[in-house]
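To start, the structure under review is shown below, and the notes come after it.
The values are calculated or read from the model by the stated rules, or taken from the named source; none is laboratory data. On a predicted model such as this, the values are computed, not experimentally measured, just so you know. Cβ sites come from the backbone with ideal geometry, for glycine too, and all protein chains shown count toward neighbours. Ligands, DNA and RNA are stripped out before the accessible areas are found, and what is left, the full protein with its side chains, is counted by its heavy atoms. Shrake-Rupley method; radii C 1.70, N 1.55, O 1.52, S 1.80 Å.
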Amino acid sequence: MKKTNSQIFKLSVLSAIAISMIHPTLALADDDEAAALMNPTSTVTVEEIYVSQGSQKFGEYNGLNKLGGYLNGNVNIRGGDAYKDNANGGTQRWNVNGTDLGLSDRSANIGYSDQGSWSVGIGYDALTHNLAPGYQTPYQGSMGGNSFTLPSSIGGKNVPFTIPSAGATPTGTQSLTGAGFNNSDISTTRQNTSLNTKVDIDRNSNVTFDFNHLDQSGAKLMAFASSQWTAPLVNAGTPAKPTAAVYGQGISILPNPTNYQTDTANLAYNWKGESSHFSASYFGSFFRDGYNGVQFQTFGVTGSSGTNTTATGMDTMSTAPSNTLQQLNLSGGYDLAAKTKLTSNLSYGRNTQNTSSAVDPFQVGTFNQINSAFNGLVNTSHADVKVVDQSFQDLTLAAGYKFDGRDNLSQSNMQSFNSVSGAAAYYPNTPLSYKNSIFEASGEYKLTKDQKASLTYQNKYLNQYCNQYAVGSTGGAVGSTITGTLTNGALVGNSYPAGANCVTTPSSISNNLTALYKNKVSEDFNFRLSYGYDVRSATNSTTAIGAFTDANPNGTTTYLPGQNGQNYIGFQPYFEASRIQQVVKGGMNWDATDKLSLGLGGKYTEDNYTASTYGVQNANIWSVNFDATYKYAEKAIVTAYATQQNGMRNLLNLNGTTTGTYNNNLNENDTTLGLGVKHAGLMQDKLTLLGDLSYSLGQTSYSTALNYPTSGANACGLPTVGTCGTLPTIANRMAALKFGGSYQIDKHSMVGLRYTYQHLNSNDYYYNGYQTGYTPNSILPTNQTSGSYNVNVISASYMYSFD
């Protein structure tokens, strides 16, 4: 599915826009500029905004998601004797700033400093992310809460209600109407409070301390799976669970809460000399989740007989566990010679997680698993060193090495529980670790005064592994079934053999060579061109054991370990598979006349996965961007821009071991056009007008071709086979028109007026499956939409400035 890629126009305070329009046109003399530095201008702005239509999508980030008026404001006040009395030794400055104080994306800060001695600042910022246009649910429970229950009936149908078998007459969720569903706005809000201080020890060294407290509230939608039961339904004690057999699973899309708090602290000592510098710091991050799980009620049973007289029980889904990261950092640099410089950074961190996770009593009750702390530990390390040398005339040489390590020492156990399908499940937690090394060497040669050429070589080595991967008291042979004794929820005895591998790509080596050429042909024209060639060679483990393990898909009945981590042999994920990549980039800038400037750029990337029998075979993406600026009057300018981007991805997959292969092709096409005008200096240099018109079109299409006969049991369109041909195009069309102006009443007062029209037409068949009457029978509809809208916004502002 393609995500909407519409440009969101942030309607900031008009005073800020007016300032950006007027200041470049004033052309202050040197004396005026010096006076401005000694007498900083402070401003206070009040703005009224009116929005014609409520839209979660239009107001996704700017806070203008409701119909009606908004009172907004800006504050920027500065002072202190360091401005007006600097000649007499004044060293103190202070500031008070506030932006968009009436909107949900507001920020404010206060600062005070004594130059050469100390400084302190306090800041606050908030941002609301509006999500899920049109979301509806019959569940009862507040957004941001962790308990969701169902009414006794939904649209006249008693809960729980029957979910039919595949192909039966729709009597499950597909037969529901909109009755009993309520609208619910879904959003997440972050509020960050910060404190930063600096104390100067002497002219060469200082100590800094930064502290941030982040509160995150609200929710994001997530699919919750629960067990469905065959009728008749019988209550089975505490917790209330049916005794009838499990038939399948039901899906409820619910607001998963983000009740988070994160405190971060950074204490650093910094020293700088004439030829060297050094810093040592401590960083700590302390994340806390206000919940450890979400309880929700399932909605149905399967079958067509029996009497459903007992309400379904409550299921449990765990949330993000609290954790702590503490890290020590060292960095520095030294001038080895007049033209040779060395820089380096080191860090070591420990990430711990000891919080107990919520578990579903039914799913683990059969095996008596204990809800114990996880005792997770991940050690991270980083080191880099770089040398730059300019000893040779016209030649700059550089070489560097970087290492990143993640050592996951969390204990890996074979967890055992009931799956939502009712079958016994045995899955290990997978403590993934890696070591990543990068070596880079480059040289840049100045061919002439205006021409430069450079060559860069980079080698990357990645090693991935798991420590003590689900190893019990005795190791089982490769290919053996999972058996053993359960102790505190962990399977011991016949588990994975010592040295078992958890990753299908244990290592990869990448070699990259990039050449760049720059030429400043004249004062008015320059261009650049680069070419990069990258070869990544990845190993492939056919004996890796995936965490979610089932029968071997490669045609045998052997369970565990399963070849290629439960993938078909010949498949590797594209992001770690062997690959040859070529990248070409170019661009030019041309000042055609004193009034006209042109820019042109482009990029082409091609990927070929030559070693992958299945999965992504090849892909490419290209883009071209053009911009032009024309100064048609002394204080008037018009700009135009256009961007075109196209991408293609082709994959070959296996549809079962006996059916055959199929190709799936993805094409993406994005076009953006824009025109902007700004005219200042009107009405005796008091009026400034501006306008902007833009249009963007994003399209995505998928097509599938089956490489085997498609009649009978393999006919196209069967649920077991898939869809042949080309699916409907996913398209997002966005158009926006903005125009307005500002008028300088006098030295201290300015007013502004602005109008914005924005239109989004989004067409995405993905959302069809959310609609009432069209969902699968075991998924509750939500009636979400892709967020099309037509919005008009009018805003008026008044700004008062003073010295």
- Message: From the list LEU718, LEU780, exactly one residue is over 25 Å from the mean Cα position of the chain (by Cα), more than 30 Å from ASN76 (Cβ to Cβ) and open to solvent by less than 30 Å² (accessible area, probe 1.4 Å). Which is it?
- Response: LEU780
- Out of all the residues in the stretch 612-636, which are open to solvent by 60 Å² or more (accessible area, probe 1.4 Å), under 30 Å from THR593 (Cβ atoms) and outside any loop (DSSP other than H, G, I, E, B)? VAL624, ASN625, PHE626, ASP627, TYR630, LYS631, TYR632
- Item | Among (1) open to solvent by 50 Å² or more (accessible area, probe 1.4 Å); (2) of a type outside the set (A, V, I, L, M); (3) at pLDDT 95 or above; (4) under 34 Å from the mean Cα position of the chain (by Cα), the one test that GLN390 misses | (4)
- The residue that is farthest from VAL359 (Cα to Cα), considering only those in the stretch 251-272 that are at pLDDT 95 or above and among the small types (Gly, Ala, Ser), is ALA268
- Message: For the stretch 319-362, give me each residue that is of a type outside the set (Gly, Ala, Ser) and touching an Asp or Glu at 6+ places or on another chain (Cβ under 6 Å).
- Response: THR319, THR340, LYS341, ASN345, ASP360
- Give me the pairs: first residue in the stretch 86-103 and without any contact (Cβ under 8 Å) to a residue 24 or more places away in the chain, second residue open to solvent by 80 Å² or more (accessible area, probe 1.4 Å) and part of a loop (DSSP other than H, G, I, E, B), beta-carbon distance under 9 Å, and six or more apart or on different chains, which are they? GLY90/GLN115; GLN92/GLN115; ARG93/GLN115
- Subset of the stretch 646-658 that is assigned to a strand (DSSP E or B) and in contact with a Gly (Cβ under 9 Å, 6 or more places away or on another chain) - its residue that is modelled with the lowest pLDDT: LEU654
- Message: Restricting to the stretch 80-91, give me the number of residues that are touching a strand residue (DSSP E or B) at 6+ places or on another chain (Cβ under 9 Å), outside any loop (DSSP other than H, G, I, E, B) and surrounded by fewer than 16 Cβ atoms within 10 Å (Cβ to Cβ).
- Response: 1
- Looking only at strands (runs of 3 or more DSSP E) that fall completely inside the stretch 446-562, which ones have 3 or more residues that are modelled with pLDDT of 95 or more and open to solvent by 50 Å² or more (accessible area, probe 1.4 Å)? 451-466, 507-522, 525-538
- Task: Report yes if ASN39 is of a type outside the set (D, E, K, R), at pLDDT 95 or above, open to solvent by 20 Å² or more (accessible area, probe 1.4 Å) and in contact with a helix residue (DSSP H, G or I) (Cβ under 8 Å, 6 or more places away or on another chain), otherwise no.
- Result: no
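How many of the residues making up the stretch 205-230 are open to solvent by less than 20 Å² (accessible area, probe 1.4 Å) and modelled with pLDDT under 65? Walk me through it before giving the result.
Initial filter on the stretch 205-230 (open to solvent by less than 20 Å² (accessible area, probe 1.4 Å)): 205, 218-219, 224, 226-229.
Now narrow it down to the ones that are modelled with pLDDT under 65: 229.
Of the residues in that region, 1 qualify.
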- Note on the structure: Of the residues in the stretch 338-356, those that are within 22 Å of GLY376 (Cα to Cα), open to solvent by 50 Å² or more (accessible area, probe 1.4 Å) and in contact with a His (Cβ under 9 Å, 6 or more places away or on another chain) come to TYR348
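Among GLN140, GLN136, which is the only one that is touching a residue at least 40 places away in the same chain (Cβ under 8 Å) and within 27 Å of ASN182 (Cβ to Cβ)? Full working, then the answer.
Values: GLN140 fails: touching a residue at least 40 places away in the same chain (Cβ under 8 Å).
The match here is GLN136.
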- Out of TYR708, TYR743, sole residue that is of a type in the set (Phe, Trp, Tyr), assigned to a loop (DSSP other than H, G, I, E, B) and either open to solvent by 60 Å² or more (accessible area, probe 1.4 Å) or over 26 Å from ASN790 (Cβ atoms) (or both): TYR708
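For the stretch 324-337, enumerate the residues that are open to solvent by 40 Å² or more (accessible area, probe 1.4 Å) and either out of contact with any Gly (no Cβ under 9 Å at 6 or more places or on another chain) or at pLDDT below 95 (or both). Full working, then the answer.
Keep residues of the stretch 324-337 that are open to solvent by 40 Å² or more (accessible area, probe 1.4 Å), which gives 325-328, 330, 334-337.
Result: LEU330, TYR334, ASP335, LEU336, ALA337.
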- Note on the structure: How many residues of the stretch 57-79 are surrounded by fewer than 16 Cβ atoms within 10 Å (Cβ to Cβ), outside any strand (DSSP E or B) and not charged (D, E, K, R)? The answer is 2
